[in-house]
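The values are calculated or read from the model by the stated rules, or taken from the named source; none is laboratory data. The model shown is predicted, which means the values in this text are computed figures rather than measured ones. Note that we place each Cβ from the backbone using ideal geometry, even for glycine, and neighbour counts take in every protein chain shown.
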């Protein structure tokens with residue numbers, strides 16, 4: 001027994017030491033960017049700066065900018081890498097920095113694309129990538145404000161297959177039936193508490209815009225006073241005074257969303273998809289935000305890629321930022337992403353992040 005105890009504690013401390021050493025090594029590698037791949041950035045404008053901000057702001061991006069090429073100083077250059085005015089020596093520059101990838105991030109390409117130099121690099125095996133596409137690959141969102149229709153038309157993705165639709169529909173039905181059944185011990189007491197705290201119905205029906213622009217009524221537990229919108233529709237706010245005590249709790253733990261599973265069973269919603277918005281807000285956002293109507297090409301969801309990647313927001317700026325994630329989801333639609341969103345939603349609910 002003494003020998004076994006000694007072996008156990010020796011093994012325990014050895015394992016702890018190995019784990020600690022591994023974490024320290026991993027932290028050092030990320031901080032020093034030891035394995036980050038160098039890239040050459042053609043462009044110094046808004047697109048290039050957005051890409052630079054993402055790369056330099058995340059230690060695990062996997063890339064580092066070796067040099068900019070442009071006629072002006074970049075808006076974002078925290079490491080003060082070199083900025084060359086022209087691309088006449090692009091291939092030698094790639095060799096000098098051991099860069100295997102060139103990112104073309106020009107705000108305006110007319111008369112500024114170094115075609116011959118890029119072709120020379122391409123023939124030498126260097127990857128040439130469009131800035132918007134590269135941004136999408138490292139961030140999980142699409143830079144909506146800088147996307148042109150040609151990129152949306154010719155880029156890969158936005159594919160819908162009947163098999164994928166059927167699998168998604170079966171997953172929606174299974175999750176909704178299981179969710180509604182398992183949640184009964186919670187939803188029944190919540191319904192009673194809502195009724196006891198304030199006058200009005202237990203459930204709240206509200207018009208939302210769904211797939212192909214069809215309007216439907218979403219079902220939620222009522223979390224606000226019955227007269228919450230007597231002065232007109234407004235976005236929810238932080239510490240909203242219209243929210244009841246029970247409503248504040250069920251919003252915090254996302255219980256108010258559970259009745260939406262009935263919308264999923266009826267085929268009006270999916271478990272995962274863009275968040276459905278109200279018609280008056282959709283009309284306003286469609287006029288002010290480019291490509292906003294594209295989010296209605298799929299069914300809205302109880303949860304979604306934007307909800308798990310972006311904090312709760314209630315403004316046009318937040319709507320724009322969420323659209324970047326929604327378009328990424330629609331473009332790369334897959335069952336894998338749906339499952340990833342569901343798991344991340346469970347994590348979000350457990351840590352009570354992003355609710356209002």
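I'd like the full set of residues that are in a loop (DSSP other than H, G, I, E, B) and within 21 Å of the chain's Cα centre (by Cα), limited to region 254-277.
Taking region 254-277 as the starting set, the residues that turn out to be in a loop (DSSP other than H, G, I, E, B) are 254, 258-259, 266-269, 273-276.
Hits for region 254-277 are 254, 269, 273, 274, 275, 276.
For every residue, the table says whether it meets (1) loosely packed, with under 15 Cβ neighbours inside 10 Å; (2) farther than 30 Å from residue 335 by Cβ; (3) outside the structural domain of residue 183 (by TED's automatic domain parsing); (4) at pLDDT 90 or above.
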{"site": "211", "(1), (2), (3), (4)": "no, no, no, yes"}
{"site": "247", "(1), (2), (3), (4)": "no, yes, no, no"}
{"site": "250", "(1), (2), (3), (4)": "no, no, no, no"}
{"site": "269", "(1), (2), (3), (4)": "no, no, no, yes"}
{"site": "277", "(1), (2), (3), (4)": "no, no, no, yes"}
inquiry  = Tell me yes or no: at least one residue of region 111-125 is loosely packed, with under 12 Cβ neighbours inside 10 Å and at pLDDT below 85.
reply    = yes
ask   = Filter region 59-107 for residues that are out of contact with any strand residue (DSSP E or B) (no Cβ under 9 Å at 6 or more places or on another chain) and in contact (Cβ under 8 Å) with a residue 60 or more places away in the chain; which is farthest from residue 37 (Cα to Cα)?
value = 107
